[in-house]
Amino acid sequence: MPKRTRYLLVDGHNIIFAWPELRKLHERRSSLAREALIKQLRDYQDWTGVRVVIAFDGKAPNISAISDPGDVQIFYSRSGQTADTIIERLASKYAEKFKLMVATSDSMEAETIHACGAQWISPDALRTLMEEARR
């Protein structure tokens with residue numbers, strides 16, 4: 001049986017507010033915190049080969065996706081929708097096909113993605129995972 005591709009889905013703003021150094025950046029300017037998180041997750045993807053997808057809460061009329069080939073995928077939810085919705089849809093659609101791990105501190109979202117067959121990790125566990133990959 002072929003090995004399933006591994007994906008890490010990240011609730012972007014949730015992680016930003018869970019990590020003090022990113023929360024501090026966000027207080028200065030939200031884009032700085034997003035860029036710092038994206039850089040760290042891009043490095044993690046490069047070190048491990050795990051594909052990274054980041055979902056942020058957005059304000060546009062439609063869901064937008066940003067990525068270059070081989071780069072992390074970034075989604076912004078549409079107005080009136082949260083990043084949770086994007087993550088839950090991705091988990092329900094792809095958990096059987098790919099090995100999915102979702103990073104969030106939202107316990108309701110964790111239950112939902114677990115029911116879809118994806119693995120949940122906390123923001124602290126994500127930090128540990130990234131630090132271990134760096135070694």
**Prompt:** So, with a 1.4 angstrom probe, what is the percent of accessible area on the chain that is carbon and sulfur?
**Reply:** 50
**Prompt:** Roughly how many Å² is the accessible area per residue of the chain, as a whole number, for a 1.4 Å probe?
**Reply:** 58
**Asked** Using 1/(1 + (r/R0)^6) with R0 = 30 angstrom and r between the beta carbons of ALA125 and LYS3, what's the FRET efficiency to the nearest 0.05?
**Response** 0.85
**Prompt:** With springs only between Cα atoms under 10 Å, which of ALA33, ALA103, ALA115 fluctuates most in a Gaussian network model of the chain?
**Reply:** ALA115
**Request:** Using just the helices of the chain, give the 222 nm mean residue ellipticity in deg cm²/dmol: DSSP H runs with n ≥ 4 each add -39,500 (n - 2.57), and the total is spread over all residues, rounded to 500.
**Result:** -15500 deg cm²/dmol
**Prompt:** Which one of SER122, ASN14, TRP47 has its Cα pushed farthest toward the positive end of the charge dipole of the chain, where Lys and Arg give +1 and Asp and Glu give -1 at the Cβ?
**Reply:** TRP47
**Item:** Where PHE17, PHE75 fall by accessible area, highest first, once all protein chains stay in place (1.4 Å)
**Value:** PHE17, PHE75
**Item:** Theoretical FRET efficiency, 1/(1+(r/R0)^6), r = Cβ-Cβ of THR85 and ARG135, R0 35 Å, to 0.05
**Value:** 0.50
**Request:** Normalising by the residue count of the chain, find the relative contact order in percent from Cα pairs under 8 Å and 6+ residues apart.
**Result:** 27
**Complete:** Diffusion coefficient in µm²/s returned for the chain by Stokes-Einstein, Kirkwood Rh over C-alpha pairs, 25 °C and 0.890 mPa s, is 164
**Asked** If you take every DSSP beta bridge whose two residues both sit in the chain, what share of them, in percent to the nearest 5, is antiparallel?
**Response** 15
**Prompt:** Within straight cross-link reach of LYS93, meaning Cα distance under 21 Å, which lysines are found once same-chain residues fewer than 8 apart are removed?
**Reply:** LYS3
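The values are calculated or read from the model by the stated rules, or taken from the named source; none is laboratory data. Since the structure is predicted, the reported quantities are computational estimates derived from the model, not experimental observations. In this analysis, Cβ positions are derived from the backbone assuming ideal geometry, glycine residues included, and neighbour counts consider all displayed protein chains. Side chains included, ligands, DNA and RNA excluded: accessible areas come from the protein's heavy atoms. Shrake-Rupley method; radii C 1.70, N 1.55, O 1.52, S 1.80 Å.
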